[in-house]
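Here is the structure we will look at.
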Amino acid sequence: MAGDAIIAEELSYWYGDLIAVNGISFKVGEGKILGFLGPNGAGKTTTVKMLTGQLKPKGGKATLLGMDVAENVEAVQGDIGVCFETTNLYEKMSAVENLKLFARLFGITDFNPDILLGKVDLAGRGKDRVETYSKGMKQRLMVARSMINSPRVLFLDEPTAGLDPASSEAIRNIILEERERGATVFLTTHDMLEADKLSDQVAFMNQGQIVALDTPLNLKQKYGKRALKAQVSTASGELVDREIILDTPETPQAVQQLFSQENVVTIHSEEATLEDIFINITGRGLIE
Amino acid sequence: MNWGIVRALVSKDLALFFRNRFFSIVTVLGLVFYLIFYFVMPSSVDESLAIGFYAPEILPAIEEAFQEGVEEGLKVTFTVTEEALKEGVIGGDFITGIVLPADTAEALISGERPVITLYFSSDIPEEAKEAAVVTIRELVYRQVGQELPVEIKQEVLGPDMLGMQVPPRDRLRPLLAVFLIIFETLGLANLISEEVERGTIQALLVTPVRVRDLFISKGIVGITLAFGQAVIFMAIVGGLSREPLLILVTLFLGAALATGIAFLIASLGKDFMSVMAWGMLIFIILAIPAFGVMFPGAVTGWIKIVPSYYLVDTVHRVSNFGAGWLDMWNNLVILLGIDFVLFWVVIQALRRKAG
């Protein structure tokens, strides 16, 4: 049975008087995707920095692949891949040169950049300087760079932010492929649909604390409401909306009445989104 | 220490440096320009004697003597005041300025010894002073048939440089070598600050790259660029003909100094413009000792607080006056000490900035 790839225990960090991360604890199983959600300033980036060895926790402990991150930074960083939110490629170098550089840093001698470039749909542009790339191409190259060492844990910070739908979908497919390969993915995103679609578990972070952590389905069942949305035609021909809340004792009777007493034109079910749930829990939106 | 990582980072930095059009052009053109500049400078000292002369009342015999001297290459300029004479000496118009008192003729007739004052500028070598005095005595002797019973008083205007007569282009040698070294600080500082500004340093620091690998690789790049250029320049202009090992060690320590300063600039600057602004300020300060070589007497003891002084002074004294290890060891030790302190300080600063 697979163990936990990431374990955070009472993890804390503060900058002066500002508490960025306040004693958070969670686990991510090997080969699972954790969607890490929260508004700007919630402490997501600081958490990622502690998990990837960029910051030493001021309280608590981070364990990755069975190693204390603070004590084994070098070993941990050899087994992880990090894709940053902001583009930080060497723009005056080509994609191939960028990838080869990082392969050398990981000590990979038989590296073939073409395979990785093909995976992110950049096969024909490998020799062009990165400064000539579009934002989407740069983002895909960043994802490719984070996979150079076939990482056992992949940290992706807003990998699809600002991308066109095709590029976003390509990156989502890569994330799923990485999970198929057995990698654990720590996905930080603002995109609720993306998190819902990809994540095995979702953590909501707010003001330095994790306020909810569960599978998307469980979160929806616990905090969200399901409803039937219908449009009915009145005697005068006017279209009117009707909503029936599901999972209540009155639901069966209400459904029966709708169909027996009204002229239903359209009907569909509606689930709460993760964003609805986040607002429900925290009283604030993800993007402020 | 992972040398595979350091090698990868060094290759990357060198590639990026030469892909920066501004710095690559300036590096090559700078070297070419400095070489051209060096070779168009005079390679020898002007041996003609330019003399300024002030006398309220000119003795016919002395005037005739000077006329004869002019025919032999002596350049004589008569000034209307003693102040104008002094200005001419300080400004380098005359190798010496002669003041003949108003009562010279009467004093000579009455058997007294009138005092003739000779003004010299501070960087006039001793032998030139002597030559000037001898020439004047000789001219007068040939004209009047006997040595005049006068007392000659010598006065140096500005600090006496005790005979440092070096051809202009040899004076220029340390200046240009130091310019080449110092200029590389701007390129390296830009490489480092770009790494921080664009976040690539973060991408590196989540791989097996450690902070020390980064410092070592940047240090190697900086020293290689600065040292390489200075050595090429010194080799072409003949600066390695005397004590080559001593010069190479000095240039190496100078290149390390420049690299340390590049780190310092990178820790101060946030982007290209701020790096250039800080860089130019520091560049000017570091260049001052080199100007001190070009214009002796223009700087005084305070110059020793500028770190590049020990680089300039060593290169100048070794390449122009044949100084050796025994003469220069203290400069080298100070330079080494400055390098160590500088590296320690900037590593702390850059660590904080990268974090």
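The values are calculated or read from the model by the stated rules, or taken from the named source; none is laboratory data. These numbers were taken from a predicted model, which means no experiment stands behind them. Don't worry about glycine lacking a Cβ; one is built from the backbone with ideal geometry, like all the others, and counts go over all protein chains shown.
Against the list (1) farther than 22 Å from A:Glu178 by Cα; (2) modelled with pLDDT of 95 or more, the condition A:Gly59 fails is (2). Considering (1) surrounded by 23 or more Cβ atoms within 10 Å (Cβ to Cβ); (2) among the aliphatic types (A, V, I, L, M); (3) within 14 Å of chain A (Cβ to nearest Cβ), the lone condition that B:Val206 does not fulfil carries the number (1). Within the option set A:Glu194, A:Glu169, A:Glu180, being within 21 Å of A:Asp4 (Cα to Cα) and out of contact with any strand residue (DSSP E or B) (no Cβ under 6 Å at 6 or more places or on another chain) holds for one residue only, A:Glu180.
A quick yes/no check of all residues on (1) at pLDDT below 70; (2) not aliphatic (A, V, I, L, M):
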position: B:Ile36; (1), (2): no, no
position: B:Ser44; (1), (2): yes, yes
position: B:Val70; (1), (2): yes, no
position: B:Val80; (1), (2): no, no
position: B:Thr104; (1), (2): no, yes
position: B:Gly111; (1), (2): no, yes
position: B:Pro114; (1), (2): no, yes
position: B:Ser121; (1), (2): no, yes
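When the criteria are applied in full, B:Phe39 meets the requirement of being away from chain A (no Cβ under 11 Å), in a helix (DSSP H, G or I), farther than 17 Å from B:Phe183 by Cβ and in contact with a helix residue (DSSP H, G or I) (Cβ under 8 Å, 6 or more places away or on another chain). Taken over region B:13-23, residues that are free of Cβ contacts under 8 Å to residues at least 40 places away in the same chain and either under 26 Å from B:Pro208 (Cβ atoms) or more than 11 Å from chain A (Cβ to nearest Cβ) (or both) amount to 3.
Might you check whether a residue that is in a strand (DSSP E or B), surrounded by 16 or more Cβ atoms within 10 Å (Cβ to Cβ) and away from every other protein chain (no Cβ under 14 Å) occurs anywhere in region A:36-50?
Yes, the conditions are met somewhere in region A:36-50.
All but one of (1) touching a residue at least 24 places away in the same chain (Cβ under 8 Å); (2) in a strand (DSSP E or B) hold for A:Ile244, so report the exception by its number. Every listed condition holds for A:Ile244 apart from (1).
Scanning region A:55-74 for residues that are buried (at least 16 other Cβ atoms within 10 Å of the Cβ) and facing chain B (nearest Cβ under 9 Å) yields A:Leu55, A:Val73.
Which residues, counting only those in region A:148-192, are in a strand (DSSP E or B) and within 13 Å of chain B (Cβ to nearest Cβ)?
Let us first name the residues in region A:148-192 that are in a strand (DSSP E or B), namely A:153-157, A:184-188.
Across region A:148-192, the qualifying residues are A:Val153, A:Leu154, A:Phe155, A:Leu156, A:Asp157, A:Phe186.
Note on region A:103-132: residues that are more than 8 Å from chain B (Cβ to nearest Cβ) and either within 25 Å of B:Ile192 (Cα to Cα) or over 24 Å from the mean Cα position of the chain (by Cα) (or both) amount to 19.
Would you call B:Glu195 out of contact with any strand residue (DSSP E or B) (no Cβ under 6 Å at 6 or more places or on another chain), charged (D, E, K, R) and away from chain A (no Cβ under 14 Å)?
On the way: out of contact with any strand residue (DSSP E or B) (no Cβ under 6 Å at 6 or more places or on another chain): yes; charged (D, E, K, R): yes; away from chain A (no Cβ under 14 Å): no.
So B:Glu195 does not fit the description; no.
Of the helices (runs of 4 or more DSSP H) lying entirely inside region A:94-147, those carrying at least 1 residues that are surrounded by fewer than 17 Cβ atoms within 10 Å (Cβ to Cβ) are A:113-119, A:135-146.
Can we say A:Gly78 is of a type in the set (Gly, Ala, Ser), within 12 Å of chain B (Cβ to nearest Cβ) and surrounded by fewer than 19 Cβ atoms within 10 Å (Cβ to Cβ)? So that I can check it myself, show each step before the final result.
Working: of a type in the set (Gly, Ala, Ser): yes; within 12 Å of chain B (Cβ to nearest Cβ): yes; surrounded by fewer than 19 Cβ atoms within 10 Å (Cβ to Cβ): yes.
Judged against the criteria, A:Gly78 is a match.
Please tell me if A:Lys100 is away from chain B (no Cβ under 12 Å) and either modelled with pLDDT of 90 or more or within 20 Å of the chain's Cα centre (by Cα) (or both). No: the conditions fail for A:Lys100. Test A:Glu91 against the criterion of being part of a loop (DSSP other than H, G, I, E, B), more than 30 Å from A:Lys61 (Cβ to Cβ), in contact with a helix residue (DSSP H, G or I) (Cβ under 8 Å, 6 or more places away or on another chain) and not polar (S, T, N, Q), and give yes or no. Here the answer is yes, as A:Glu91 does meet what is asked. So A:Ser94 clears everything in (1) within 12 Å of another protein chain (Cβ to nearest Cβ); (2) in contact (Cβ under 8 Å) with a residue 60 or more places away in the chain; (3) among the small types (Gly, Ala, Ser) except one condition, right? Which one? Condition (2) is where A:Ser94 drops out.
Would you say A:Arg145 is within 14 Å of another protein chain (Cβ to nearest Cβ) and touching a strand residue (DSSP E or B) at 6+ places or on another chain (Cβ under 6 Å)?
On the way: within 14 Å of another protein chain (Cβ to nearest Cβ): yes; touching a strand residue (DSSP E or B) at 6+ places or on another chain (Cβ under 6 Å): no.
Here the answer is no, as A:Arg145 does not meet what is asked.
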